Amino acid sequence: MIEVAVVGSLHLDIMVAAPRLPGRDETLVGSSWHYKCGGKGGNQAVAAARFGARTAFGGQTGQDDFGERLRANLVAANVDIACVGIDATQGSGMSVAISEDSGEYGAVVVSGANLSIDAAAIVSAWSPLWDAKVLLLQNEIPEPVSLAAAKAAKAKGARIVLNAAPARKMSPQFLAFVDVLVVNRVEAAMLSGEDDMAKALTALHSPSRDVVLTRGGDGLMLMTRDGRWTDIPALPVTLISSHGAGDCFCGALAACLAAGDGIEGACHFATAAAGRFVSTAQVG
């Protein structure tokens with residue numbers, strides 16, 4: 001049985017190392033570059049699988065070399081790709097990400113085939129995914145696709161986890177299906193209209209939804225559906241790069257929830273996993 005189903009994006013990242021982000025009209029000399037298979041959906045699926053969950057992915061690539069790399073990366077991580085489609089008319093999703101010497105980064109994403117998934121078709125075409133214990137979603141594919149997935153999985157009893165990244169407005173209809181909402185500071189402020197994180201957490205809370213607000217090195221704030229507030233500190237580590245840390249967190253969180261852990265215990269584990277991730281050099 002599938003434990004974690006991930007429906008989301010696949011991007012091939014071109015990672016560039018540079019002292020800082022360039023300014024407008026500036027040509028900056030970098031020190032190195034490499035490919036990295038990504039997309040929030042793909043990253044989170046790989047993380048869930050690496051943390052022991054039987055994981056399957058629903059998404060789409062182009063019929064190109066980037067798509068071959070992306071599909072092979074999922075297979076290598078033991079992620080089931082039976083529900084990964086190939087669009088012969090659109091290029092695969094990709095991004096260019098610049099990692100600064102400080103460990104921070106910035107990126108530009110071109111979504112490509114991720115945007116041409118047929119929301120109506122996936123309900124039957126991806127039916128094996130809906131029997132999962134946890135469905136993990138993000139905001140890098142069109143909302144109608146995520147909504148269709150949430151409806152289908154919820155009808156089978158799945159727990160719906162939404163990482164609301166990148167920040168964008170979402171319909172109340174979609175949010176009503178979400179059991180666990182994961183946001184960072186930017187997403188929390190945008191969705192709630194509150195710059196104060198305590199107020200944002202309260203505004204996003206619902207009696208039917210746990211809210212996890214991640215704050216990088218400042219740890220996270222958790223408000224459970226019963227209104228209980230818990231602060232969980234970050235693991236004290238030396239930062240190498242924050243790129244992909246949120247995806248590691250979400251994949252670990254989903255794996256723990258699928259294994260039957262409570263939300264607080266899952267957050268503790270995922271926080272530690274993300275801390276180890278940002279303090280370890282990531283290649284490939």
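State the number of residues belonging to segment 185-210 that are surrounded by 14 or more Cβ atoms within 10 Å (Cβ to Cβ) and under 23 Å from residue 236 (Cα atoms).
Within segment 185-210, residues that are surrounded by 14 or more Cβ atoms within 10 Å (Cβ to Cβ) and under 23 Å from residue 236 (Cα atoms) number 2.
For segment 18-108, which fully contained strands (runs of 3 or more DSSP E) count at least 3 residues that are at pLDDT 95 or above?
55-62, 79-87
How many of the residues in segment 62-116 are of a type in the set (Asp, Glu), over 25 Å from residue 28 (Cα atoms) and surrounded by fewer than 17 Cβ atoms within 10 Å (Cβ to Cβ)?
Here is the first cut: in segment 62-116, the ones of a type in the set (Asp, Glu) are 64-65, 68, 80, 87, 100-101, 104.
This time we only want the ones that are over 25 Å from residue 28 (Cα atoms), so: 64-65, 68, 80, 87.
Then keep just the ones that are surrounded by fewer than 17 Cβ atoms within 10 Å (Cβ to Cβ); that gives 65, 68.
Qualifying residue count for the region: 2.
Of the residues 109, 84, only one is closer than 21 Å to residue 136 by Cβ, under 15 Å from the mean Cα position of the chain (by Cα) and hydrophobic (A, V, I, L, M, F, W, C); which? Lay out the reasoning, then the answer.
Working: 84 fails: under 15 Å from the mean Cα position of the chain (by Cα).
After ruling out the rest, the residue left standing is 109.
Kindly list the number of the only condition in (1) basic (Lys, Arg); (2) out of contact with any strand residue (DSSP E or B) (no Cβ under 6 Å at 6 or more places or on another chain); (3) within 16 Å of residue 162 (Cα to Cα) that fails for residue 228.
Failing condition for residue 228: (3).
Does segment 247-265 contain any residue that is surrounded by 14 or more Cβ atoms within 10 Å (Cβ to Cβ), part of a loop (DSSP other than H, G, I, E, B), touching a Leu at 6+ places or on another chain (Cβ under 8 Å) and without any contact (Cβ under 8 Å) to a residue 60 or more places away in the chain?
no
If the Cβ limit is 8 Å and pairs must be 6+ apart or interchain, which residue in segment 13-26 that is within 28 Å of residue 92 (Cα to Cα) pairs with which residue that is part of a loop (DSSP other than H, G, I, E, B) and small (Gly, Ala, Ser)?
Sorted first by the residue in segment 13-26, then by its partner, the pairs are 16/30; 17/30; 17/31; 18/30; 18/31; 20/102.
For residues in segment 1-46 being touching a Leu at 6+ places or on another chain (Cβ under 7 Å) and surrounded by fewer than 24 Cβ atoms within 10 Å (Cβ to Cβ), which is farthest from residue 128 (Cα to Cα)?
Within segment 1-46, the match that is farthest from residue 128 (Cα to Cα) is 22.
From (1) surrounded by fewer than 24 Cβ atoms within 10 Å (Cβ to Cβ); (2) in contact with a Phe, Trp or Tyr (Cβ under 8 Å, 6 or more places away or on another chain), pick out the condition that doesn't hold for residue 153.
(1)
Given the criterion buried (at least 16 other Cβ atoms within 10 Å of the Cβ), touching an Asp or Glu at 6+ places or on another chain (Cβ under 6 Å) and either polar (S, T, N, Q) or closer than 23 Å to residue 103 by Cα (or both), identify the matching residue among 214, 224. It would help to see each step written out before you state the result.
Details: 214 fails: touching an Asp or Glu at 6+ places or on another chain (Cβ under 6 Å).
Matching residue, one of 214, 224: 224.
From the list 72, 82, 77, 45, which residue is out of contact with any Phe, Trp or Tyr (no Cβ under 6 Å at 6 or more places or on another chain), among the hydrophobic types (A, V, I, L, M, F, W, C) and closer than 19 Å to residue 149 by Cβ?
82
Looking for something closer than 20 Å to residue 271 by Cα and out of contact with any Pro (no Cβ under 7 Å at 6 or more places or on another chain) - is there at least one such residue anywhere in segment 169-180?
Checked against the condition, which is being closer than 20 Å to residue 271 by Cα and out of contact with any Pro (no Cβ under 7 Å at 6 or more places or on another chain), segment 169-180 yields at least one hit.
So which residues in segment 140-168 are out of contact with any Gly (no Cβ under 9 Å at 6 or more places or on another chain), within 21 Å of residue 223 (Cβ to Cβ) and not small (Gly, Ala, Ser)?
159, 160, 161, 162
The values are calculated or read from the model by the stated rules, or taken from the named source; none is laboratory data. A quick note: this is a predicted structure, and the numbers were derived from the prediction, not measured. Methodologically, a virtual Cβ is constructed for each residue, glycine included, from the backbone with ideal geometry; neighbour enumeration extends over all protein chains shown.
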